Amino acid sequence: MVREGWSAEPMSVLSVGAGTLALIRCSGEAHTATGVEPWSAIVKVVQPGAPNRCGVNSWSTPEMTEIDVYQSDLFARREGSFRGARCFLVDEREGGIFWLWLEDLSNYSGTNWSAAQYLETARGIGRFRGSWSREETQRIEGRSPT
């Protein structure tokens, strides 16, 4: 059970993701079997079809969206050095807006990385995306495998 007194703060980073309306860090304390524990989560507010901060709308393609992936088990079944943030809840709101309650990774910084760290991250992303089968992505997209 979450205690009263939790907080929600807009994040200082700006997302250029398609349809991203806001990034909000929520935090507080919860009663657990072992006592009171701090918690935090990122709420990503997304509206498919809305342009990103650069004015680009990439939701017009039939490709899989972030919402589709989080509603599936695709991220949950992956292993290796790269993974998506854990999603605790996909909350569909009025007006076609979604709140994605995501694992708070704000303590992991991408600043001051070496070239080797960027290279390893790029390889991890490639392996991660390359591990998805065609049938798997079509299933998530709601299309029949061809």
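The values are calculated or read from the model by the stated rules, or taken from the named source; none is laboratory data. If you're wondering where the values come from, they're calculated on a predicted model, not measured in any experiment. FYI the Cβ positions are ideal-geometry reconstructions off the backbone, even for glycines, and counts take in every protein chain you see.
At a glance:
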read-out: Total residues in the range 69-96, condition modelled with pLDDT under 85 and over 11 Å from the mean Cα position of the chain (by Cα); value: 10
read-out: Identity of the residue in the range 106-128, under 17 Å from the mean Cα position of the chain (by Cα) and surrounded by fewer than 11 Cβ atoms within 10 Å (Cβ to Cβ), that ends up modelled with the highest pLDDT; value: Asn107
